[in-house]
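The values are calculated or read from the model by the stated rules, or taken from the named source; none is laboratory data. This is a predicted model, so every value here is computed, not measured. Here the Cβ is made from the backbone with ideal geometry for all residues, glycine too, and neighbour counts use every protein chain on show.
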Amino acid sequence: MKIDIVSVFPEYFEVLNLSLLGKAQEKGLVEVTAHNLRDWTHDVHHSVDDTPVGGGAGMVMKPEVWSECLDELLHLEPTTVTYDSTVTCDSTADADDTASADTAKPAESATEIAANADTVPATDRPVLIFPNPSAPLFTQQDATELSHANHLLFGCGRYEGYDARIPQYYRAQGVDVREYSIGDYVLNGGEVAVSVMLEAITRLLPGFMGNAASIVEESYTGENALLEHRQYTKPADWRGIKVPDVLLSGDHAKVDRFRRDEALAKTNELRPDLIEALDCSKLDKADRKTLMALGWEVSGTHPRQR
Ligand code: SAM
């Protein structure tokens, strides 16, 4: 997987040389290049921002600098698109795209692709990703889907963000453009958000983890995703707190059932929305019994709270 990151602080990404991602780069599984957006400026101050049109506080990242950079990294020629400026809210939906160009291809819906996340084949079509606090939330499903891409290009925003026409323009060029938030809070820049997304995506690459099994049963993972059960290590009694006896029993079936019930109970308490999304046809008899004891009706397609 080739990963390009554009930022005004490319040094920030030196951290990616550490730990498992560093090893993955050494092994040739991923090739990460951090670019300095200021390398595409032409003025003495290397400025990448300007005042907001319409007034207001702060500065906005200029489209000209971004486009010179992105055109080069995406091997695109500059062009002019027709744009319907009457549409005011189009930052996240490919389907609502209002710009068009001769080269435009029908854009894929992120939701449609995500629905088939596990079956999406590796694709050479680059994916351009902008972190943005006012975009849809980045999820494990997005990470899974993006782990099938061969080329990811991340653009880190700063200041009040980037000019809204940048994603608009590249969608119109047929580029698969995504905007994602990593949570309901505002950071100073996209660098942290890109690191978060990158780690979630790359750890899913075949060969990335020493033990591939460790990414199979995790929180938010699989078709009937739950929060993971609690984990313990030795000693069995630590400062007076004992691990549950069943985990010491050596009875694997009982351990599996205990963990599954724990996962169901924890998810019920903290993320009932995940229980509501479960497919009842994929639940076994014991799952149903546990959920019913937790107050769920499991006779329909999805569990419903009684
Ligand atoms: N004015 C923007 C707003 O209120 O939505 C906030 C801009 S923020 C200070 C600057 C940049 O940080 C954004 O363009 C984005 O790249 C990044 N950023 C900040 N919070 C983020 C979040 N929760 N998720 C993803 N990116 C974020």
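Within the stretch 259-274, the set of residues being touching a residue at least 40 places away in the same chain (Cβ under 8 Å) and of a type in the set (A, V, I, L, M) comprises 270, 274.
Any residue at all in the stretch 140-157 that's on the phi > 0 side of the Ramachandran plot and in contact (Cβ under 8 Å) with a residue 60 or more places away in the chain? Checking the stretch 140-157: not a single residue is on the phi > 0 side of the Ramachandran plot and in contact (Cβ under 8 Å) with a residue 60 or more places away in the chain.
Of the residues making up the stretch 171-190, those that are within 25 Å of residue 53 (Cα to Cα) and within 11 Å of the ligand (Cβ to nearest atom) are 179, 180, 181, 185, 186, 187, 188, 189, 190. Evaluate the stretch 153-170: report whether one residue or more is assigned to a helix (DSSP H, G or I), aromatic (Phe, Trp, Tyr) and either surrounded by 21 or more Cβ atoms within 10 Å (Cβ to Cβ) or within 11 Å of the ligand (Cβ to nearest atom) (or both). Yes: the stretch 153-170 contains one or more residues that are assigned to a helix (DSSP H, G or I), aromatic (Phe, Trp, Tyr) and either surrounded by 21 or more Cβ atoms within 10 Å (Cβ to Cβ) or within 11 Å of the ligand (Cβ to nearest atom) (or both). Of the candidates 262, 223, 217, 269, the single residue that is modelled with pLDDT under 95 and under 24 Å from residue 306 (Cα atoms) is 223. State which residue is surrounded by the fewest Cβ atoms within 10 Å (Cβ to Cβ) when the search covers only the stretch 132-146 and only residues that are within 14 Å of the ligand (Cβ to nearest atom) and not hydrophobic (A, V, I, L, M, F, W, C). Filtering first and then ranking leaves 134.
So that you can scan it fast, the table gives a plain yes or no per residue for (1) modelled with pLDDT of 95 or more; (2) under 30 Å from residue 208 (Cα atoms):
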| residue | (1), (2) |
| --- | --- |
| 10 | yes, yes |
| 40 | yes, no |
| 44 | yes, no |
| 53 | yes, no |
| 58 | yes, no |
| 63 | yes, no |
| 73 | yes, yes |
| 81 | no, no |
| 110 | no, yes |
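For first residues located in the stretch 169-181 and within 13 Å of residue 139 (Cα to Cα), partners that are aromatic (Phe, Trp, Tyr) and lie 6+ apart or on another chain with Cβ distances below 8 Å form the pairs 178/130; 179/130; 180/130; 180/138; 181/138.
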